[in-house]
Amino acid sequence: MARNDDEIAKYRRSRRPRNLAILAILVALVALFYVLTLVRMGGN
């Protein structure tokens, strides 16, 4: 059982940087859409 737990932990550690990169991209897109919306609404 310990070996399986170690493999799961290793798998999760290897996926963490990729997950954080995807999170950063999503946050950046949300911020971009928010700013674009403010700019467009401010122009009217």
- prompt: For the chain, what is the calculated [θ] at 222 nm in deg cm²/dmol (nearest 500), taking -39500 (n - 2.57) for each run of four or more DSSP H residues and dividing by its residue count?
  reply: -34500 deg cm²/dmol
query: Could you give the accessible area per residue of the chain, probe 1.4 Å, as a whole number in Å²?
result: 101 Å²
- prompt: Given a Förster radius of 35 Å and the C-beta distance between residue 4 and residue 32 as r, what FRET efficiency does 1/(1 + (r/R0)^6) yield to the nearest 0.05?
  reply: 0.25
- prompt: Round to a whole number: what % of the accessible area of the chain belongs to carbon and sulfur, probe 1.4 Å?
  reply: 66 percent
query: On the first, second and third principal axes, largest extent first, how far apart are the outermost C-alpha atoms of the chain in Å?
result: 63, 13, 5
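The values are calculated or read from the model by the stated rules, or taken from the named source; none is laboratory data. These figures come from a predicted structure and were not determined experimentally. Note that we place each Cβ from the backbone using ideal geometry, even for glycine, and neighbour counts take in every protein chain shown. These accessible areas exclude ligands, DNA and RNA; they are computed on the full protein's heavy atoms, side chains included. Shrake-Rupley method; radii C 1.70, N 1.55, O 1.52, S 1.80 Å.
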